[in-house]
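Presented below is the structure to which this report refers.
The values are calculated or read from the model by the stated rules, or taken from the named source; none is laboratory data. Computed from a prediction, not measured in an experiment: that's the story for all the values here. Neighbour counts are summed over all protein chains in view; Cβ atoms, including those assigned to glycine, are modelled from backbone coordinates with ideal geometry.
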Amino acid sequence: MTEATIATSQTSAGVVAKPNLVSADGKVQVLIAMQNIWKTYDMGAEKVHALHGVSFEVKRGEYLAITGPSGSGKSTLMNLIGCLDTPSQGDYWLNGKNVSEMDDDELARIRNQEVGFVFQTFNLLARATALHNVELPLIYGGIPSAKRHEMAKQALTEVDLVDRMMHRPNELSGGQRQRVAIARALVNHPSILLADEPTGALDTATSYDIMNLFEKLYEDGNTIILVTHERDIAARARRIISIRDGLIEKDEQIK
Amino acid sequence: MKLIEILKVALAAIWAHKLRSALTLLGMIVGVTAFVTVVSLIQGFNVYIDEKIAGIGAKSFSIQRFNPFEDFKDTDTIAAAQRRNKELTLDDYEYLKERATLIAKLGAKARGTPSQIKRNDQVLDDVFVVGATANTSDIENRNIENGRFFSDTEADGAARVAYIGADIATKLFPAGNPIGGEIDIRGLPYRVLGVEAVKGTVFGIPQDSFVVIPLKTYQLDFGPLIRQRSLYFTATSKTDQGFSDAVEEARFLMRARRKLGSNEKDNFGIVTPDAITGLRDRIFGSVFIVAIAVPGIALIVGAIVIMNIMLVSVTERTKEIGIRKSLGARQRDILKQFLFESATMATIGGAVGVFIAWIVGKVVTQVFFQTYLSVGAVVIAIAVAGGFGIMAGLFPAWKAARLDPIEALRAET
């Protein structure tokens, strides 16, 4: 399948209707539906189109890699998927909700509930313990502290770091830090795990460990989106979307 | 996000930069210290005056030739009062004493004369000697340490007896008991009957260097009760409720005795405790404003320093803000976080300032004069500091809250 498109009914007014995302049992199966997404940056005199008309779908439980050279628009796409930004044009449905029109507070709530970020540079709070770092999304989610501790410990157990939970990031190795970040991304049971070059700052052996962890999380039923420019890392996913010049170049199922 | 969570984050951030936080707060601490010290000095003085009035008897008033609050406003009123007002006389005293029904006790005193006092080869110069009736001891609530005040009999018989201040007693009788001893006032011998308890100093002026002798004796030995020995009366009312009635009755009787028409001004003065506190409040009202304004400037400077550091802090922690936003912090969560940090920091500064001012107050009370730190002043000082902290934090917090999460995540630190 190249240039994945979604069958959408274009009304006369030009409004894109909500796609059929729900399966017969009433569960949302299509987790992400990007419909003709444009992202345009106003650079003074000229307008730069980072994305021009990208459309694709991600089903629940998929393991997807988004690849492309730098400047291809893959970072822009990642920011949109992660609800850090909204498209200039087009609709983005995440878990049944149209996030393209949301304001800052609503986006913050979606980031809190639906998206778990894993960053290349881990992005842990340096002054906080591993446990506190993992608790952060729960704090903003308004979870009471006893429950929070329990959930954070559980998430750290899943990445096999519960014995180091009182350590600060600078007392942990790179791989351990990334596992803390993964625990933090998972703690709120988000709809998607969004990883941006998760192995970019790690050596080969540690990269393998992290990729094995992703494999395990995928097998547990998590939906994972990996943004990377490394072919061998992308190859660990089940589906690869290649971006070039703001367009989807290739969308292939690889396993 | 709950307040307690925000508070924890704020405290952690302040604690992470202890030295910087302490330096940042210096201005705030100095301002609050100055503010609270000034307030406790003024309150101490107020308490002192209130206690003095309570000591004289809050429900006592005096009748004298001039009313200092009315007659001494400017040279014209002084001149007019000097033409109009006449000296009080002992006949006035008897007249009032016979007719007043609402007054419990009416005493008479004459203004004191600085005099030389001797005992053996001990000489004290410029000791204030005053004449008084026997009942003034009760009216003024004298705190007698030793012996007694002179009696009506002694007063009526113009006996050469004296009631002395603690300072006179220790200086003239360094070794022994002064009661029954003899002192020499302006060449005449007086027998000491009693000694007053130590009062200490007020604004550096000693309060224990005085001698009280019977009014009649004073008249005989010092001269007629006019001008510098001007006669005045002190009075207490029978009941607290009837105080103002007693004052009015005294005024009415004095006006009747002096045959004043209804449109003529009093040609005497009545001074009540209210008039004294009223004068104090008038003086301190303006002193207070100046005294508050100066530390207020320090507080503003302190707030600007806090704002400056908060702006630096926001820049420094752009990455942290990005991380928090990516994890679901809303604009208002970030706003609150920085506002709280600034307010908490300023409040800590306020508390430290109050603490230092409390120590300063203790020291001043020991070596200079009474200070008083009220709970209200403490609460206001800390609240004002916190309020300045909130104001100082508003702009930096707003800047932090408005950061674009993508830009913020891209930041280096």
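Points to keep in mind about this one:
- Residue in segment B:89-96 that is assigned to a strand (DSSP E or B), more than 33 Å from the chain's Cα centre (by Cα) and of a type in the set (S, T, Y) present: no
- Index of the failed condition, A:E158 passing every other in (1) within 18 Å of A:L194 (Cβ to Cβ); (2) within 13 Å of chain B (Cβ to nearest Cβ); (3) in contact with a helix residue (DSSP H, G or I) (Cβ under 8 Å, 6 or more places away or on another chain); (4) not aromatic (F, W, Y): (2)
- Residue among A:G44, A:G14, A:G71 that alone is more than 14 Å from the chain's Cα centre (by Cα), within 30 Å of A:G175 (Cβ to Cβ), modelled with pLDDT under 90 and surrounded by fewer than 14 Cβ atoms within 10 Å (Cβ to Cβ): A:G71
- Qualifying positions in segment A:153-173 - closer than 24 Å to A:L226 by Cβ and either touching a residue at least 40 places away in the same chain (Cβ under 8 Å) or crowded, with 16+ Cβ neighbours inside 10 Å (or both): A:A155, A:L156, A:E158, A:V159, A:L161, A:P169, A:L172
- Test result for B:S342, touching a strand residue (DSSP E or B) at 6+ places or on another chain (Cβ under 7 Å) and either surrounded by 23 or more Cβ atoms within 10 Å (Cβ to Cβ) or among the acidic types (D, E) (or both): no
- All positions within segment B:257-299 that are charged (D, E, K, R) and part of a helix (DSSP H, G or I): B:R257, B:D274, B:R280, B:D281, B:R282
Table: residues versus (1) within 14 Å of another protein chain (Cβ to nearest Cβ); (2) closer than 15 Å to B:T37 by Cβ; (3) among the hydrophobic types (A, V, I, L, M, F, W, C); (4) surrounded by 17 or more Cβ atoms within 10 Å (Cβ to Cβ).
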residue	(1), (2), (3), (4)
B:I304	no, no, yes, no
B:I309	no, no, yes, yes
B:E320	yes, no, no, yes
B:R324	yes, no, no, yes
B:K336	yes, no, no, yes
B:G353	no, yes, no, yes
B:I359	no, yes, yes, no
B:K362	no, yes, no, no
B:V379	no, no, yes, no
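- All positions within segment B:240-289 that are modelled with pLDDT of 80 or more and of a type in the set (K, R): B:R251, B:R255, B:R257, B:R258, B:K259, B:K265
- Of the numbered criteria (1) within 22 Å of A:L131 (Cα to Cα); (2) surrounded by fewer than 20 Cβ atoms within 10 Å (Cβ to Cβ), the one A:I210 fails is (2).
- A single member of A:S72, A:S88 is hydroxyl-bearing (S, T, Y) and in contact with an Asp or Glu (Cβ under 7 Å, 6 or more places away or on another chain), and it is A:S72.
- Selection from segment B:218-247 of residues that are in contact with a strand residue (DSSP E or B) (Cβ under 9 Å, 6 or more places away or on another chain) and either among the small types (G, A, S) or farther than 29 Å from B:S151 by Cα (or both): B:G223, B:S230, B:A235, B:S237, B:S244, B:D245, B:A246
- Taking the criterion of being more than 14 Å from chain B (Cβ to nearest Cβ) and crowded, with 19+ Cβ neighbours inside 10 Å, the residues of segment A:47-68 that qualify are A:L51, A:V54, A:F56, A:E57, A:V58, A:E62, A:Y63, A:L64, A:A65, A:I66, A:T67, A:G68.
- Just one of the listed residues (A:N188, A:N222, A:N212) is over 20 Å from A:G82 (Cα atoms) and either modelled with pLDDT of 90 or more or not small (G, A, S) (or both), and it is A:N212.
- Within segment A:114-130, the set of residues being out of contact with any strand residue (DSSP E or B) (no Cβ under 7 Å at 6 or more places or on another chain), surrounded by fewer than 22 Cβ atoms within 10 Å (Cβ to Cβ) and more than 10 Å from every other protein chain (Cβ to nearest Cβ) comprises just one member, A:T129.
- Filter pass, B:I63 being under 28 Å from B:E140 (Cβ atoms) and assigned to a helix (DSSP H, G or I): no
- Sole residue being under 20 Å from A:L107 (Cβ atoms), within 18 Å of the chain's Cα centre (by Cα) and away from every other protein chain (no Cβ under 12 Å), chosen from A:L186, A:L193, A:L136: A:L193
- Candidate set from segment B:343-395 (those that are touching a Phe, Trp or Tyr at 6+ places or on another chain (Cβ under 7 Å) and among the aliphatic types (A, V, I, L, M)); member that is farthest from B:L3 (Cα to Cα): B:L373
- All conditions in (1) crowded, with 19+ Cβ neighbours inside 10 Å; (2) on the phi > 0 side of the Ramachandran plot; (3) under 16 Å from the mean Cα position of the chain (by Cα) hold for A:G246, with the sole exception of (3).
- Counted residues, segment B:300-319 - those being charged (D, E, K, R) and in a helix (DSSP H, G or I): 2
- Pairs, first without any contact (Cβ under 8 Å) to a residue 24 or more places away in the chain in segment B:374-398, second of a type in the set (G, A, S) and buried (at least 24 other Cβ atoms within 10 Å of the Cβ), C-beta under 6 Å, six or more apart: none
- Condition check for B:L215: at pLDDT 90 or above, out of contact with any strand residue (DSSP E or B) (no Cβ under 9 Å at 6 or more places or on another chain) and not small (G, A, S): no
- Selected residue (only one of B:N85, B:N46 is polar (S, T, N, Q), in contact (Cβ under 8 Å) with a residue 12 or more places away in the chain and closer than 30 Å to B:W358 by Cβ): B:N46
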